[in-house]
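Notes follow the structure.
The values are calculated or read from the model by the stated rules, or taken from the named source; none is laboratory data. Keep in mind that what you see is a predicted model, and the values were worked out from it rather than measured. Backbone-built Cβ (ideal geometry, glycine too); neighbour counts: all protein chains shown. The area values use the complete protein model at the heavy-atom level, side chains included, leaving out ligands, DNA and RNA. Shrake-Rupley method; radii C 1.70, N 1.55, O 1.52, S 1.80 Å.
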Amino acid sequence: MRFKQTGLGILVLIMLITASIAGAAQEVPDNYRLAAQSAEISLYVDDATTYIAVQHNQTGDIWYSNPINSRTERDTLAIVYYNPSDEMKQMNNWKDSIEYGQYEIESIDNGIRVNYLFGQEWWDDDWLPLMVPQDRFENEILPKLSDKDADWLKSKYKLIGLEKVSEDNQRVSITQLPNQDQQFGDYVVVSPGTKLSDKDKSTLTLLLVDTVVAANNDLTERADLRLEHIEQLIDMPAYVIDNTIRPWDRTDIQNLMKSIDYTPFEIAKDHEANKIIPPKLNVEIFRISVEYVVEGDSLIVRIPMDLVYYPVQVEPNDRYITGVSSYFRPTNRSEVFDHFGQIGGTLVDFPLYSINVLPHFGASPTGKDGYILIPDGSGALIHTGVATGVQYARDVYGTDHTIAYGLAEHEFVERFDRYIKERLYMPVFGLREDNKAFFAIIEEGGGIARIKANTASNIIPHAKVSSEYVLIPFGNISLTETDRTEELARRARGQIKAYAKALPEEDIVIRYSFLVEEESTYVGMANRFQEHLVRKYGLEKLEPRTDIPFYLELVGAAPVRKSIMGIPRNVITSLTSFGEVQEIVGQLDDSGVKNIQLRYLGWREGGLIPGIPNRVRIEEKLGSREEFQDLVKFLQDRDVGFYPDVDFLNIYDTKYARVNLKRHVAQSLNRQPVWLIRDNLFQAFATAPGQLNNFIDSFMKDYQNLGISGLALGDLGTQINSDHNVNSTVSRADSLVINQDAMKRLNKEYGLELMINRANVYAVPYASHVVNIPLTANNYNIVGRSIPFYQMALHGYVNYTGTPLNHASDLDFAVLKSLETGAAPYFSWMYKEGTEVKGTEFDHLFPNYYGDWFELAVEIYDKMNAVLRQVQGQRIIGHEMLTENVYKTSYENGLSIIVNYNAEAVEFQGVEIEGTGFKLIREGEPNEAF
């Protein structure tokens, strides 16, 4: 291990000044040195362990990468990889790098970089010289040892040479070597400078033969040895290790070689000089670097992808070939070929599946008051005070359908069992302990990230949260059994894994912020995330209108299964025609519902299951093109936002436009076109990312002629699918960038206002409206309670709503949740009654008949509008649970909304909130309720 230090004197001076200011600050342990510093935080590193510590300069609070004195939580990086037998393997940088001294710390601008080599580069046996030329042994090894160690080492080796047979140097008869004349020619074994007895000569001869045969791949038994294999001993005698030494003597010799830095590279020279197998570097190794940089009040953690190495097309080490697991034990080259030949030859890969970064950072011990923040759904808290030993791991931004293809999450679930889990919309996590907290934002690599958390247990007494990154995903390929694959098929249970071909190009970058005192809450974390979004994307505050939006989703046409003359057929059925849209909107407007934002589904040819989006053809069952233009004008005259819906990432193979499976559709890792069950309802193909811009360009040529200023995106802001087409591979990380650029083009280049469905946070900068975002988290056992983290980050910058209120299982709860989170009302309707779709695959639309909901919707809008219009364009600056099931959301203009989910009334600061009710209050005026 070695490290470089620059500007250390200046840093130490800054540290002393800071320490004097901090006064009674916590003390950083002596084994840590100052590595970088800003006005807000200081970064320390322990050179012996590569552990880091971050200290808040004002309060003196410290966050450690690893719990102090922990014997188990000792790694700062952990990897998962697969060997050529498709077995999952794990390494971490403590036991597979640091303990071997295989790391380097170097200074970079305002930080450090730590370079790790995972996997023992040399095996212990590689440090054991079997034969060393006399000159090198006596001049390059012994002089570096103490006299005692030199004498001991020399006693474990025998000096052996070859001399011509002579009268004074006769060959002795050896039963085990009956053909010495053929094997040694005119030469006999000697020990220069020593007169050997016949017994000693016999012993040394057998020692030499056994050593050479065992360490030469061309020899299998003693009789195979010839003079050509040992002729170098004629002019260059060598010390040969005694084959009677005890195992602990071998270990001591290895340690002596390490102590004098007589490396396997040197030992390889000795072995090659003696025509025996030299030590070879272990191919099962990985190189990963991590950078820690102080930037203002944040620590930037980066893993440069160009410095990540994993073994690709390497020749297996002999010791690997002779057995690595219970499933794969080929013992010779032909068996190796039988195992690997069918999948590319005898060269093998060790795909690096994932990296877990700082898995123990800021870990909180059992008994400490606090919680973990995870971005599950709207956001969730995991309480850390009690050791429950529960784990959590979920992918950021949901499922990559290309990778999931063929796996369990790709399968259809019966509707009566259907529970569509909310995914992770934000690349964030955090942990609070007492009056301090850290908050992490994944700035790069969010598309391949997974959030992992666990509460403390009796074995691991710390709660913690971190991020893992899937670098080389895999898919499964089913084997067709042949004579050659029968055994492999048995071992692999009929499947082998197919891996992505390369690492993603995007670095992994995590920004850790450190919050203290009043800011060390999930509200403080949400404010930090909001600041990040504003800084990164240039978000601007909304200009509030008089009234809040009323989000209305209308379903146009659908291919409903009907019996025509006894034959079942899909018949395009109008559920809300162009004229009926005008009728519904007109009734709402006349009833005083303002700021209507209309999302229109199923308006294209084919209805809810249209052709590929490379053109715009209006569904004729809804009306003529002229009637559609009349609708557009009607909505413009009524100041109604109009957002016809389109899917670009999910395409349907219909009679209206045939899908080209090779060109239009993403390919899975098993080289199959990827299809998915969209929202667990319809089968669709996943668009190849490389086709997205072509679809958009073709679509917009027609769409611009309609004179519509808005567009609703059904899937572009919510899905990220990779593509493993051999001719145009696109990783999930790159696919995210493609999707983001497409939304930017639609918004900026084409000048469209976008309504984005279930928008992941990277889509928000391009949205005027976001619909169907979660207002709660998933009800997992590990979740303590839901929080409106997503809404706290967005409110005041973009209009949003949850899921349609008429689809809620508990309408009162859904309305209260909308008020608590600042979400506008949203209804999904159709003009036709639900019986039109009952018993069909569209029966989920049964509760959508607008006549059943119209009066109630107007009432709900009036009630919500009276409250939420007063906080339009205002940032959420506070959120808290006042008591069980009673929450207060505070806004920057001094207004707060209190919601009571209990059936009984509660009182807060002299104001009574009725059961399943709410109140709007002004801070500082506790008795004034609105």
Next item on the list: Would you please name the residue that is nearest to residue 763 (Cα to Cα), looking only at residues in the stretch 804-844 that are at pLDDT below 95 and open to solvent by less than 10 Å² (accessible area, probe 1.4 Å)?
Entry: 842
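Quick one: would you say residue 727 is out of contact with any helix residue (DSSP H, G or I) (no Cβ under 9 Å at 6 or more places or on another chain), more than 26 Å from residue 631 (Cβ to Cβ) and without any contact (Cβ under 8 Å) to a residue 24 or more places away in the chain? Steps first, please.
Values: out of contact with any helix residue (DSSP H, G or I) (no Cβ under 9 Å at 6 or more places or on another chain): yes; more than 26 Å from residue 631 (Cβ to Cβ): yes; without any contact (Cβ under 8 Å) to a residue 24 or more places away in the chain: yes.
Spelling it out, residue 727 is indeed out of contact with any helix residue (DSSP H, G or I) (no Cβ under 9 Å at 6 or more places or on another chain), more than 26 Å from residue 631 (Cβ to Cβ) and without any contact (Cβ under 8 Å) to a residue 24 or more places away in the chain.
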Item checked: Residue among 405, 371, 397 that is open to solvent by 10 Å² or more (accessible area, probe 1.4 Å) and modelled with pLDDT under 90 -> 405
Next item on the list: Tally the residues that are open to solvent by less than 30 Å² (accessible area, probe 1.4 Å) and charged (D, E, K, R), restricting the search to the stretch 721-738.
Entry: 2
Note to self: Yes or no: the stretch 711-718 includes at least one residue that is touching a residue at least 60 places away in the same chain (Cβ under 8 Å), open to solvent by 10 Å² or more (accessible area, probe 1.4 Å) and within 25 Å of the chain's Cα centre (by Cα).
What the structure shows: yes
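For every residue, the table says whether it meets (1) of a type in the set (S, T, N, Q); (2) under 30 Å from residue 576 (Cβ atoms); (3) touching a residue at least 24 places away in the same chain (Cβ under 8 Å).
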site	(1), (2), (3)
739	yes, yes, yes
769	no, yes, yes
777	no, no, yes
785	no, no, yes
809	yes, yes, no
839	no, yes, no
Check: When residues of the stretch 191-203 are filtered for being open to solvent by less than 60 Å² (accessible area, probe 1.4 Å) and either more than 23 Å from residue 271 (Cβ to Cβ) or out of contact with any Leu (no Cβ under 7 Å at 6 or more places or on another chain) (or both), how many remain?
Finding: 4
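Somewhere in the stretch 165-178, is a residue within 60 Å of the chain's Cα centre (by Cα), open to solvent by 60 Å² or more (accessible area, probe 1.4 Å) and under 20 Å from residue 227 (Cβ atoms)? Give the steps one after another, and end with the answer.
Step one: filter the stretch 165-178 for residues within 60 Å of the chain's Cα centre (by Cα), giving none.
Checked against the condition, which is being within 60 Å of the chain's Cα centre (by Cα), open to solvent by 60 Å² or more (accessible area, probe 1.4 Å) and under 20 Å from residue 227 (Cβ atoms), the stretch 165-178 yields no hits at all.
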Check: Residues of the stretch 75-117 being charged (D, E, K, R) and over 21 Å from the mean Cα position of the chain (by Cα), which ones?
Finding: 95, 96, 99, 104, 106, 109, 113
Check: Of the residues 79, 112, which is in contact with an Asp or Glu (Cβ under 8 Å, 6 or more places away or on another chain) and buried (at least 20 other Cβ atoms within 10 Å of the Cβ)?
Finding: 112
Check: Given the residues 416, 412, which is the only one that is of a type outside the set (Ser, Thr, Tyr), in a helix (DSSP H, G or I), at pLDDT below 95 and on the phi < 0 side of the Ramachandran plot?
Finding: 416
Item checked: For residue 187: the one exception among (1) surrounded by fewer than 16 Cβ atoms within 10 Å (Cβ to Cβ); (2) out of contact with any Gly (no Cβ under 8 Å at 6 or more places or on another chain); (3) not basic (Lys, Arg) -> (1)
Item checked: Given (1) buried (at least 16 other Cβ atoms within 10 Å of the Cβ); (2) not in a helix (DSSP H, G or I), number of the condition residue 639 does not satisfy -> (1)
Note to self: Checking the structure you have, find out if any residue of the stretch 134-147 is assigned to a loop (DSSP other than H, G, I, E, B) and over 26 Å from residue 271 (Cα atoms).
What the structure shows: no
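For every residue, the table says whether it meets (1) open to solvent by 70 Å² or more (accessible area, probe 1.4 Å); (2) in contact with a Leu (Cβ under 7 Å, 6 or more places away or on another chain); (3) more than 20 Å from residue 273 (Cα to Cα); (4) at pLDDT below 95.
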{"position": "217", "(1), (2), (3), (4)": "yes, no, no, yes"}
{"position": "233", "(1), (2), (3), (4)": "no, yes, no, no"}
{"position": "237", "(1), (2), (3), (4)": "no, yes, no, no"}
{"position": "241", "(1), (2), (3), (4)": "no, yes, no, no"}
{"position": "245", "(1), (2), (3), (4)": "no, no, yes, yes"}
{"position": "251", "(1), (2), (3), (4)": "no, no, yes, no"}
{"position": "259", "(1), (2), (3), (4)": "yes, no, yes, no"}
{"position": "262", "(1), (2), (3), (4)": "no, no, no, no"}
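How many residues does the stretch 268-294 hold that are touching a strand residue (DSSP E or B) at 6+ places or on another chain (Cβ under 8 Å) and open to solvent by less than 20 Å² (accessible area, probe 1.4 Å)? Write out each step before concluding.
Here is the first cut: in the stretch 268-294, the residues touching a strand residue (DSSP E or B) at 6+ places or on another chain (Cβ under 8 Å) are 270-271, 273-274, 276, 283, 285-294.
The next check asks that each one be open to solvent by less than 20 Å² (accessible area, probe 1.4 Å); those that pass are 270-271, 274, 276, 285-286, 288-290, 292, 294.
Of the residues in the stretch 268-294, 11 are touching a strand residue (DSSP E or B) at 6+ places or on another chain (Cβ under 8 Å) and open to solvent by less than 20 Å² (accessible area, probe 1.4 Å).
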Next item on the list: Sort out which residues of the stretch 148-183 are in a strand (DSSP E or B) and more than 18 Å from residue 274 (Cβ to Cβ), and write them in order of number.
Entry: 164
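Among residues belonging to the stretch 859-906 that are of a type in the set (Ser, Thr, Tyr) and part of a strand (DSSP E or B), point out the one that is most open to solvent (accessible area, probe 1.4 Å). Walk me through how you get there before you give the answer.
Taking the stretch 859-906 and keeping what is of a type in the set (Ser, Thr, Tyr), we get 861, 883, 887, 889-891, 896, 901.
Right, trim to part of a strand (DSSP E or B) and you get 883, 887, 889-891, 896.
Numbers: 883: 71, 887: 26, 889: 1, 890: 17, 891: 3, 896: 0 Å².
Per the criteria, the residue is 883.
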Margin query: Only one of 540, 531, 519, 481 is of a type outside the set (Ser, Thr, Tyr) and at pLDDT below 85. Can you tell me which?
Written below: 481
Next item on the list: May I ask you to list the residues in the stretch 785-803 that are open to solvent by 10 Å² or more (accessible area, probe 1.4 Å) and either assigned to a helix (DSSP H, G or I) or within 23 Å of residue 851 (Cβ to Cβ) (or both)?
Entry: 803
Notebook entry, point to check: Can you name the residue in the stretch 739-781 that is open to solvent by 10 Å² or more (accessible area, probe 1.4 Å) and of a type in the set (Ser, Thr, Tyr) and, of all such residues, is farthest from residue 819 (Cα to Cα)?
Noted result: 750
Notebook entry, point to check: Any chance the stretch 548-563 includes a residue that's surrounded by fewer than 20 Cβ atoms within 10 Å (Cβ to Cβ), charged (D, E, K, R) and over 36 Å from the mean Cα position of the chain (by Cα)?
Noted result: yes
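State yes or no: is residue 345 part of a loop (DSSP other than H, G, I, E, B), under 30 Å from residue 103 (Cα atoms) and modelled with pLDDT under 80? Write out each step before concluding.
Values: part of a loop (DSSP other than H, G, I, E, B): yes; under 30 Å from residue 103 (Cα atoms): no; modelled with pLDDT under 80: yes.
So residue 345 fails the test.
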Check: What about residue 158, is it touching a strand residue (DSSP E or B) at 6+ places or on another chain (Cβ under 7 Å), surrounded by 15 or more Cβ atoms within 10 Å (Cβ to Cβ) and among the charged types (D, E, K, R)?
Finding: yes
